[in-house]
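Visitor: Mind looking over this structure? Questions follow.
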Amino acid sequence: MSERGAFWRNIVYEEIVGIVGQKNVYCDEADLLCYSRDAWQLTVPWIKGGGELPKPDFIVHPENAEQISEIVKLANRFRIPLIPFGGGAGVCGGTIPVHGGIVVDLKKMDRIVKVDHKSLLVTVQPGILGEVLERELNKMGYTLPHYPASMYCSTVGGFVACRSAGSLSSKYGKIEDMVAGMEVVIPTGEIIRIKPVPRSSTGPDLKQLFIGSEGTLGIITEVTLKIKHLPEERRFKAFIFKNLHSGIESVIKIFRKGVKPCVIRLYDYIDAQFTLKGKAEIPEGGSYLILGFDGSREIVDLEEKIATGICLEEGGVEVSRELAEHWWRHRYDMYYPDAFRSSYSIIADTVDVAAPYDKLEELYWTIKRTVEERNPGVTMMAHFSHFYEDGGSIYMIFFTQQQDHERAVKVYNSVWKDALEACLKVGGTISHHHGVGLVRAGWMHKEHGKAFDILKAIKRALDPNNIMNPGKLGL
Amino acid sequence: MTLDPVVMCGVECMKMCRFVCIVANQLKLETVAPYGKCLIAYYLRNEAIKGGKRTAEVIYQCATCGLCTEWCLPRVDVPEIVKDVRAKLLEKDVAPEATVELGERARSERNPYGEPHNKRLAALRKGKKNGKKKEGGVAYFVGCTSAYKQPSIAKATAEILEQAGDGFTLIDEEWCCGAPLLSTGHRELAAEHAKHNKEVIERSGCDIVVTSCAGCYMTLSRDYPKMGFPLKTRVLHLSQYLWKVIEEGKLEIRKTSREKDLKVTYHDPCHLGRHMGVYEEPRSVLNSFARVQLIEMEWSKRNSKCCGSGGGLQLNFPELSRKIGMERIREATATGAEILVTACPFCKNQLEGVSEGKIKVYDLSEFVAKHLKTLE
């Protein structure tokens, strides 16, 4: 839109002001710059190297779904891209306004609308920050057992739009398992509601169409989530294994026994060394497993006993549970900038992939070997951060120190290409919970094959003018 | 390797402190969050943006409360970054009008309110010898807010100082400590005030200078040395002095077996708590009163939420400041307390102004002076 010039901009500005009021529209350089990025790691060397990022034309702060509906209709008339924005904490470039347009910041819509104590459901507006919601629920004795690393800075709308996962996913699932209902402003401006019901047999689940749609199919304006009572007890255990395989085998056997730990994190040798920082010895090639159990004391006791027995049978060595408790207390620490990553041209990122158990180890080794062989100087380490009955996700972390930012960007792109290619070759999915945004946009057709045409057809049907977050999700 | 805090916060961070930022929580805007301010600071430093009135508005929308730093693992000092940028914006002539006027008032009357300088200590001097020059003893640095806006605090402090020790002296020609000047970017003017105050305090010959104001305490003891004007005199905040004299038995609070029937909550002033680490003394003073049941707010001590008046926020953005203050009042009333005590005239002024009668607000000096005789 920017090339249309000041005259056009003035007309659009006046119309937006007519909808949300002047106090809710921003178009100064300072504001536009702060909305030109999210937490995508590629933007770090890019900015440090003096590169420019695409800026939006306007930022609007709607206060209700009706205002959003009007903005969507306006965007259709003028063919202006709309970029829904929560906390801007995504790591895939999902809110970068590559075509300019209007950023719709939802943080003024941050109320807890209703708590249904009988059904254990909470209805919230999308702009509420995860940590704020959790604290409010805790005051009532409840929890949304969803603790993503971005908890302090991401919103519920962002959780849902990106299919996020939290540290307790092995027991409570990802956000898509917690959404009971929602309200969405679809790309034509209509407001639709998907009512919260426990189960339904009325055709495909439309909630799942909007969950993970990353703003390409509409703007989520309300979400009803399943909540739990705060657990009576949460307890942790930690084990060291001689290799990765024994750790994974233990996890599979734990699930087969019907035990559902709330936390299962298995670190490979390099990541374990970073995590343990010398507080426990780990044999070369070994792995480090953290288990968490929560619920009533009797269940926690039993689950802990069974899981411990399995880990010991698999050759695991139990280490102090304090190590695991330390991880829990400091679980967000690695998401802060640190001296290591802040030095001149180090770049690091995470590639979150997933596969069923029959491919899980192969997925890990193929990505690690492919990336390290093809990209000298790059180290890849991992922890398996989310496990389920049928498989798990791998949080592949790479870092590299390069001579300058330009080189860092080049290596970054190369690593991503090699990692995703390797993932697809093995049969894994290219994202478990970070989403697609821009970093995986070009890979969606390979991920889904012919099935991607269905998603494209849905996009065309719902958003014929392609105004909703264009370019994201490969759409 | 030198780390760059502006880059760490503005470019590299995932915005981990955003949920505690009192301004971002009101305005709900990325630009005003610590991350946004540091990103702007980065672009300004690299001359990638010019920085006009809106940039200045954003940079001044910060109470410099430092709660973000408490939630920052690498402890990026965002308030210091903000103050640096403000000084530059002031030079560029884009700072908010109210900030420019603050400088003018301080230059002419040596206080941020523009009140007549010759009235500063007038009320306290009544019945008291001017500028007693005896060696040693305690001097009372009254501060601008106690002198002009909250005279009951000055009066209460004077009463306590008289009762607790061997009396006190006032500082002849006391000027504003410079805290509001430093926080809004008037660095040269602040240095002028620091130089002057150092001279008059040291000339008074006192051993200890006591401040009512948390901002005065922070500025005299922490900022003057940084500015090249370290005081030879020991500086104590009234809460520290009170606890000292209570422990020494110089200020007696009678013991009683009565029930704890007075519910009190305490608001940590940012300048006293987070910036200077004084958390326990005011609480110990309050707990000395047998009937006081001290109830902590959800956000207290290191995590205390700001009252919203500091860092030039009340001056430049009164409505925003007011909303932040009301939020703190809501938190205070949620404790069930009937009294909110703070230890800073500036905080008291703000909290009392927005309390709408929902809770009684006292400065620690007022609470102690009022209850010393009536409340065991």
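Visitor: Quick one: count up the residues across the range A:76-92 that are surrounded by fewer than 22 Cβ atoms within 10 Å (Cβ to Cβ) and not in a loop (DSSP other than H, G, I, E, B).
Guide: Adding up the residues that qualify gives 3.
Visitor: Applying the selection to the range B:21-31, what residues are more than 7 Å from chain A (Cβ to nearest Cβ), buried (at least 23 other Cβ atoms within 10 Å of the Cβ) and not in a loop (DSSP other than H, G, I, E, B)?
Guide: Result: B:I22, B:V23, B:A24.
Visitor: Considering only residues that are among the charged types (D, E, K, R) and surrounded by fewer than 24 Cβ atoms within 10 Å (Cβ to Cβ), which ones fall in the range B:32-54?
Guide: B:R45, B:E47, B:K50, B:K53, B:R54 - these are the residues of the range B:32-54 that are among the charged types (D, E, K, R) and surrounded by fewer than 24 Cβ atoms within 10 Å (Cβ to Cβ).
Visitor: Considering (1) touching a Phe, Trp or Tyr at 6+ places or on another chain (Cβ under 8 Å); (2) exposed (fewer than 14 other Cβ atoms within 10 Å of the Cβ); (3) within 13 Å of chain B (Cβ to nearest Cβ), say which one A:I346 fails and leave the rest.
Guide: All conditions are met except number (2).
Visitor: Exactly one of (1) at pLDDT below 95; (2) more than 14 Å from chain B (Cβ to nearest Cβ); (3) over 24 Å from A:F241 (Cβ atoms); (4) not in a loop (DSSP other than H, G, I, E, B) is unmet by A:F340. Its number?
Guide: A:F340 satisfies every listed condition except (2).
Visitor: On to the next question. Could you list, in sequence order, the residues of the range A:82-131 that are more than 14 Å from chain B (Cβ to nearest Cβ), out of contact with any Ser or Thr (no Cβ under 7 Å at 6 or more places or on another chain) and under 20 Å from A:V12 (Cβ atoms)?
Guide: A:L82, A:V98, A:H99, A:G101, A:I102
Visitor: Quickly run through the range B:1-19 and pick out the residues that are more than 8 Å from every other protein chain (Cβ to nearest Cβ) and not hydroxyl-bearing (S, T, Y).
Guide: If the condition is that a residue be more than 8 Å from every other protein chain (Cβ to nearest Cβ) and not hydroxyl-bearing (S, T, Y), then B:P5, B:V6, B:G10 are the ones that fit.
Visitor: Report the residue count in the range A:24-49 for those that are part of a loop (DSSP other than H, G, I, E, B) and either without any contact (Cβ under 8 Å) to a residue 60 or more places away in the chain or more than 7 Å from chain B (Cβ to nearest Cβ) (or both).
Guide: The total comes to 9.
Visitor: Now a separate question. Among residues belonging to the range B:251-282 that are over 22 Å from B:T211 (Cβ atoms) and among the hydroxyl-bearing types (S, T, Y), point out the one that is modelled with the highest pLDDT.
Guide: It comes out as B:T265.
Visitor: Here's another thing I want to ask about it. I need a count of the residues in the range A:215-251 that are over 30 Å from A:A75 (Cβ atoms) and outside any strand (DSSP E or B).
Guide: 14
Visitor: Tell me, please, whether a residue that is at pLDDT below 95 and more than 18 Å from A:I270 (Cβ to Cβ) can be found in the range A:387-403.
Guide: Yes, the range A:387-403 contains at least one residue that is at pLDDT below 95 and more than 18 Å from A:I270 (Cβ to Cβ).
Visitor: Taking the conditions exactly as written (surrounded by fewer than 23 Cβ atoms within 10 Å (Cβ to Cβ), in contact (Cβ under 8 Å) with a residue 12 or more places away in the chain and on the phi > 0 side of the Ramachandran plot), does B:K263 satisfy them or not?
Guide: The answer is no for B:K263.
For (1) assigned to a loop (DSSP other than H, G, I, E, B); (2) surrounded by 22 or more Cβ atoms within 10 Å (Cβ to Cβ); (3) within 12 Å of another protein chain (Cβ to nearest Cβ); (4) on the phi > 0 side of the Ramachandran plot, each residue gets a yes or a no:
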site	(1), (2), (3), (4)
B:A56	no, yes, yes, no
B:C62	yes, yes, no, no
B:C68	no, yes, yes, no
B:R86	no, yes, no, no
B:L89	no, yes, yes, no
B:A95	yes, yes, no, no
B:G103	no, no, no, no
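The values are calculated or read from the model by the stated rules, or taken from the named source; none is laboratory data. The structure presented is a predicted model; accordingly, all values stated were derived computationally and were not measured. Counting neighbours? That spans all protein chains shown, and the Cβs are built from the backbone with ideal geometry, glycine included.
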